[in-house]
1. Give me the residue from the range 206-234 that is more than 14 Å from residue 276 (Cβ to Cβ) and either part of a loop (DSSP other than H, G, I, E, B) or over 18 Å from the mean Cα position of the chain (by Cα) (or both) and, out of that set, modelled with the highest pLDDT.
2. Can you run down the residue pairs with Cβ atoms below 8 Å, 6 or more apart or on separate chains, where the first is in the range 111-127 and not assigned by TED's automatic domain parsing to the domain that holds residue 60 and the partner is assigned to a helix (DSSP H, G or I) and buried (at least 16 other Cβ atoms within 10 Å of the Cβ)?
3. Would you say residue 169 is modelled with pLDDT of 85 or more, aliphatic (A, V, I, L, M) and surrounded by fewer than 23 Cβ atoms within 10 Å (Cβ to Cβ)?
4. Taking the condition of being among the hydrophobic types (A, V, I, L, M, F, W, C) and either at positive phi or in a helix (DSSP H, G or I) (or both), how many residues in the range 112-127 meet it?
5. How about the range 235-254: which of its residues are of a type in the set (D, E, K, R), modelled with pLDDT of 75 or more and outside any helix (DSSP H, G or I)?
6. Filter the range 255-271 for residues that are part of a helix (DSSP H, G or I) and crowded, with 20+ Cβ neighbours inside 10 Å and give the result.
7. Residues in the range 128-149: is at least one over 17 Å from residue 181 (Cβ atoms), at pLDDT 90 or above, part of a helix (DSSP H, G or I) and of a type in the set (S, T, N, Q)?
Amino acid sequence: MDINDKMELVRQVGEEIITEDELKNLLETKLHPIAYDGFEPSGTDIHIAQGILRTININKLTKAGIHFKIFVADWHAWANNKLGGNLEHIQTAGKYIIEVWKACGMDLDKVDFVWANEFVKDENYWKTVMQVARHSTLKRIVRTSQIMGRKETDVLQASQIMYPCMQCADIFHIKADITQLGMDQRKVNVLARELAPKLGFPKPVVVSHHMLMGLGQPPKTEDPVERAMEMKMSKSKPGSAIFMTDSEEEIKRKIQNAYCPAKVVEENPLLEYCKYLVFERFDSIKIERPEKFGGNVEMASYHELEKMFREGSLHPADLKKGVAEKLNELIIPVREHFEKNKSAKKLQEEVKGFMVTR
């Protein structure tokens with residue numbers, strides 16, 4: 001694969017890249033750059049963006065020759081008081097999420113999972129955490145609290161002040177060439193870029209992926225990071241998100257109630273699901289409808305679907321029916337995995353019994 005093809009794959013994932021020139025130089029000079037991704041095991045349900053969209057994005061980047069180190073932020077979730085602050089439950093939830101990615105088809109041959117629980121045993125790691133803290137103001141760290149799903153105005157525990165410092169140290173200790181996270185994580189990734197030269201680490205390229213909308217009305221704010229945070233928080237509302245454990249009936253109900261104004265393509269969550277999920281996994285989408293409403297129609301690209309919807313030749317009710325069917329098809333392999341694999345099923349049942357805390 002030549003450099004232009006590699007760059008195009010990364011652009012398909014990155015809504016923002018800081019900077020493209022640095023990325024190009026990295027891909028030209030290093031055969032297998034290391035990308036940092038991370039997740040906080042913090043709930044018992046996994047949103048479709050975390051399960052399938054993340055798999056799509058990672059598989060694109062590994063195809064470009066990038067090797068992933070996915071950081072399982074168990075101690076960070078503990079600091080953030082997730083799952084009742086029970087570290088053992090948090091670690092079990094981490095194993096469960098990895099099991100979901102197996103079922104989603106993530107190319108795990110090119111992915112290493114790195115647990116914070118191992119990093120914290122290294123005194124050099126804590127030295128780096130301290131160095132990050134020493135070179136940052138408290139105000140700057142509080143501003144990065146969005147990475148935890150918090151607002152600057154929230155009352156933070158002392159442990160939550162440590163979280164951004166630890167995440168910066170994670171990036172450095174993984175020796176990441178690229179940080180590949182959502183737009184909601186942008187502030188801490190930019191902080192890592194600024195601090196890297198001062199602390200003697202390479203400055204990582206920041207590739208921030210698009211945050212999939214919730215199924216409700218879009219956020220009103222124009223700030224991209226605040227929008228990403230609002231989208232992230234909306235997914236914690238059961239009715240406004242599709243989860244990897246949802247039944248076919250639940251998917252149909254949620255999609256039926258989704259925000260989808262006729263002829264409106266901007267910030268339409270149903271079109272987002274088509275663009276970032278359906279047409280990434282399927283060559284076309286077929287929508288069945290009575291002859292009096294135009295008969296069956298099949299669209300072979302997202303652009304074709306968007307054009308029809310904008311013109312009004314595709315009604316929201318018909319779109320919803322087709323999207324619900326495709327989303328269910330995407331989740332079927334995950335359902336079957338947890339039904340047939342005894343150890344995976346046991347893990348899922350255990351996680352379902354955990355207490356969820358914000």
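The values are calculated or read from the model by the stated rules, or taken from the named source; none is laboratory data. What you see is a predicted model, and the numbers here were worked out from it, not measured in a lab. As a convention, Cβ positions derive from the backbone with ideal geometry for all residues, glycine included, and neighbour counts pool all protein chains shown.
1. Result: 216.
2. none
3. Numbers: modelled with pLDDT of 85 or more: yes; aliphatic (A, V, I, L, M): yes; surrounded by fewer than 23 Cβ atoms within 10 Å (Cβ to Cβ): no.
Here the answer is no, as residue 169 does not meet what is asked.
4. 3
5. Listed by number, the list holds a single entry, 246.
6. Hits for the range 255-271 are 255, 269, 270, 271.
7. yes
Conditions (1) within 22 Å of residue 24 (Cα to Cα); (2) in the same structural domain as residue 140 (by TED's automatic domain parsing); (3) among the β-branched types (Val, Ile, Thr), marked per residue:
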| residue | (1), (2), (3) |
| --- | --- |
| 187 | no, yes, no |
| 193 | yes, yes, no |
| 197 | yes, yes, no |
| 203 | yes, yes, no |
| 206 | yes, yes, yes |
| 210 | yes, yes, no |
